[in-house]
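Q: Just dropping this structure here.
The values are calculated or read from the model by the stated rules, or taken from the named source; none is laboratory data. What you see is a predicted model; the values in this text were computed from it and never measured. So basically every Cβ, Gly included, is an ideal-geometry build from the backbone, and we count neighbours across all protein chains shown. Side chains are part of the model used for accessible areas, which takes the heavy atoms of the whole protein and leaves out ligands, DNA and RNA. Shrake-Rupley method; radii C 1.70, N 1.55, O 1.52, S 1.80 Å.
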Amino acid sequence: KALSGRARRLARNLDQFLHAANSHLSPASDIPRPLHTEWAWRPDLWSRPVKPEGLVSVANGTALSREVKIFSDCPDSQVSARQSRNAGSVDAAAFGLHLDVYRFRGGFLSLAVDLPADAINGLSRRHLFRLGVKKDSERPISLFGRLNIRHGPNIEQIVRRFEGGADDFVDLDVATTQLDEERITGAWLDLIFEAPEMNRIWIGDVTVSRRPRAEY
């Protein structure tokens with residue numbers, strides 16, 4: 001019993017070490033940065049290996065990594081998820097995510113990405129977030145980006161639709177919200193796939209950056 005406890009502690013320490021050691025695989029310097037960018041970030045699912053790297057029959061609310069979870073409105077969805085290394089010479093991210101969707105009677109499938117504390121430090125209504133996605137799919141699919149900011153008991157949401165290119169981005173303007181800047185406690189992003197049934201989806205990279213809006 002004592003050895004089992006020591007082994008579990010050692011395993012946690014090794015996981016933390018590998019998590020830190022692999023952070024160089026997709027350095028933050030490779031993230032596209034609009035003019036005056038204050039902060040830029042790539043979630044762990046696209047920057048370092050995760051365990052397990054593949055899941056089948058993924059249930060609603062399943063964690064794919066420390067920072068990414070998968071959600072849907074379908075009670076009996078047949079979805080598999082697999083992380084794999086990006087092999088392309090122009091890929092900035094070290095890893096990509098493959099989603100295979102079979103039977104799906106719901107309307108949406110989404111990836112929820114928890115934003116780190118740096119994303120909201122000093123955040124105000126004069127800021128813009130840019131959400132960038134590198135993607136492909138077997139069949140055309142509509143993809144939306146949604147920024148959620150929790151302040152006090154309320155949540156402000158900003159939704160934008162991606163246009164459809166392989167390398168695409170949306171700007172999310174905090175000025176369109178009623179954000180109480182003094183009460184911000186957290187934020188997360190949603191990537192929402194509309195009507196994903198019978199499709200193979202590849203997300204080769206996800207990046208987020210923040211910058212102040214230009215003054216007029």
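Q: At 25 °C and 0.890 mPa s, what whole-number value in µm²/s does Stokes-Einstein give for the translational diffusion of the chain, with Rh from the Kirkwood sum over Cα pairs?
A: Estimated via Stokes-Einstein, D reaches 133 µm²/s.
Q: Further question on the same structure: Could you look at the chain and say what percent of its accessible area is carbon and sulfur, using a 1.4 Å probe and all protein chains?
A: Taking all protein chains in place, the chain shows 51 percent carbon and sulfur surface.
Q: As a check on your grasp of the helix formula, calculate [θ] at 222 nm for the chain: sum -39500 (n - 2.57) over DSSP H runs of n ≥ 4, divide by the residue count, round to the nearest 500.
A: Taken over the chain, the calculation gives -3000 deg cm²/dmol.
Q: Scanning the chain for GluC sites (Glu not before Pro) in DSSP loops with at most 10 other Cβ atoms within 10 Å, what's the longest stretch left with none?
A: 1-162
Q: With a cut-off of at most 15 other beta carbons within 10 Å, and DSSP calling the residue loop, which chymotrypsin sites (Phe, Trp or Tyr not before Pro) in the range 100-187 qualify? Please list them.
A: Hits after loop and neighbour filter: TYR102.
Q: Measure off 7 Å from each Cα along the Cα-to-Cβ vector at GLU182 and ASP30, then give the distance between these two points in nanometres to one decimal.
A: About 4.3 nm, to one decimal.
Q: Under 21 Å Cα to Cα from LYS51, which lysines show up? Leave out anything in the same chain fewer than 8 places away.
A: LYS69
Q: Net charge near GLY152, counting Lys/Arg +1 and Asp/Glu -1 over other residues with Cβ under 13 Å of its Cβ?
A: That works out to -2.
Q: Extension gain ARG8-GLU163, at 0.36 nm per residue separation less the Cα-Cα distance, in nm?
A: Taking ARG8 through GLU163 to full extension adds about 51.2 nm, to one decimal.
Q: Just add up the charged neighbours of GLY106: K/R +1, D/E -1, any other residue whose Cβ is under 14 Å from the Cβ of GLY106.
A: That sum, taken over residues with Cβ under 14 Å, equals -2.
Q: While we're here: Could you bin all the Cα-Cα distances of the range 121-216 into 10 Å bins starting at 0 and give me the percent of pairs in each, rounded to whole numbers?
A: All Cα pairs, binned at 10 Å, distribute as 15, 44, 27, 13, 1 percent.
Q: I need to check one value: relative contact order of the chain, counting alpha carbon pairs closer than 8 Å and at least 6 residues apart, in percent.
A: Rounded, it is 25 percent for the chain.
Q: Determine the per residue accessible area of the range 57-181 with all protein chains present and a 1.4 angstrom probe, expressed in square angstrom.
A: Averaged over the residues of the range 57-181, the accessible area is 49 Å².
Q: Assign unit charges at the C-beta atoms only (+1 for Lys and Arg, -1 for Asp and Glu), then state the dipole size of the chain relative to its Cα centre in Debye, rounded to the nearest 20.
A: Taking the Cα centre of the chain as origin, the dipole is about 840 debye.
Q: Excluding residues on the same chain fewer than 8 positions from LYS135, give the aspartates and glutamates whose Cα lies under 18 Å from its Cα.
A: Counting by Cα, and skipping residues close in sequence, LYS135 has these aspartates and glutamates nearby: ASP30, ASP44, ASP91, ASP100, GLU163, ASP167, ASP168, ASP171, ASP190, GLU194, GLU197, ASP205.
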